[in-house]
Amino acid sequence: QVQLVESGGGLAQPGGSLRLSCTASGIIFRISAMAWYRQAPGKQRELVASITAGGSSDYADSVKGRFTISRDNAKNIVYLQMNSLKPEDTAVYYCKSRIVTKDLWGLGTQVTVSS
């Protein structure tokens, strides 16, 4: 079955950390570009971080220095380590894979940052 499944979301306090995981199945993960997006209530979905098949990463300015994207090709998993969380990081976080021009999305995981 071709799918992406996100996990690791939940409630965190400001300044806290969470690690999101996205497990891929049914795709050739090692050649896939992977990315994390987020969508807050009433806002458009935005790119948070991306990583190429070769391991090069890029980040939105709002999360640089706080979030780290990584991948484990042996396990077909992409991670998003989120540190120094802020209330404005509250959103549904989505994983996306891309092979050439074909995109696949996960269903998302909720992250809430609140005291």
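How large, in percent, is the carbon and sulfur part of the accessible surface of the chain at a probe radius of 1.4 Å? Walk me through the numbers on the way to the answer.
Numbers: 3040 of 6220 Å².
Carbon and sulfur atoms account for 49 percent of the accessible area of the chain.
What list of ³J(HN,Hα) values in whole Hz, one per residue of the range 54-60 in order, does the Karplus curve 6.51 cos²θ - 1.76 cosθ + 1.60 (θ = phi - 60°) give from phi, with Gly and Pro shown as x?
Listing the rounded values in order: x, x, 6, 10, 8, 9, 5 Hz.
Kirkwood Rh over Cα pairs of the range 56-115 into Stokes-Einstein at 10 °C, 1.306 mPa s: D in µm²/s? Write out the running numbers ahead of the final one.
Numbers: Rh = 13.2 Å.
So the translational diffusion coefficient is about 120 µm²/s.
For ARG19, ARG30, ARG38, give me the order by solvent-accessible area with a 1.4 Å probe, most accessible first, ignoring ligands, DNA and RNA.
Numbers: ARG19 130, ARG30 155, ARG38 15 Å².
The most accessible residue leads, giving ARG30, ARG19, ARG38.
In nanometres, what is the gap between the two model label sites at LYS102 and SER70, each 7 Å from Cα along Cα-to-Cβ?
Result for the modelled spin labels: 3.0 nm.
Which whole-percent values make up P(r) of the chain when all C-alpha to C-alpha distances are grouped in 10 Å steps starting at zero?
15, 51, 29, 6, 0
Using the charge dipole of the chain (Lys, Arg: +1 at Cβ; Asp, Glu: -1 at Cβ; taken about the Cα centre), state which of MET82, SER57, LEU47 has its Cα farthest towards the positive end.
Sorting the options by dipole projection puts first SER57.
If you plug each phi of the range 6-21 into the Karplus form 6.51 cos²θ - 1.76 cosθ + 1.60 with θ = phi - 60°, what whole-Hz ³J(HN,Hα) values come out, in order, with x for Gly and Pro?
Here the 3J(HN,Hα) series is 8, 8, x, x, x, 9, 9, 7, x, x, x, 9, 9, 10, 8, 10 Hz.
At 1.4 Å probe radius, can you tell me the per residue accessible area of the chain in Å²? Spell out each step's value before the answer.
Values: 6220 Å² over 115 residues.
Each residue of the chain exposes 54 Å² on average to a 1.4 Å probe.
Convert each backbone phi in the range 100-105 into a coupling constant with the Karplus relation 6.51 cos²θ - 1.76 cosθ + 1.60 (shift: θ = phi - 60°), then list the ³J(HN,Hα) values in order as whole Hz, x for Gly and Pro.
Residue by residue, the range 100-105 yields 6, 10, 8, 9, 10, 10 Hz.
The values are calculated or read from the model by the stated rules, or taken from the named source; none is laboratory data. None of these values were measured; they are calculated from a predicted model. Cβ: placed from backbone, ideal geometry, glycine included. Neighbour counts: every protein chain shown. Calculation scope for accessible area: heavy atoms of the full protein, side chains included, ligands and nucleic acids excluded. Shrake-Rupley method; radii C 1.70, N 1.55, O 1.52, S 1.80 Å.
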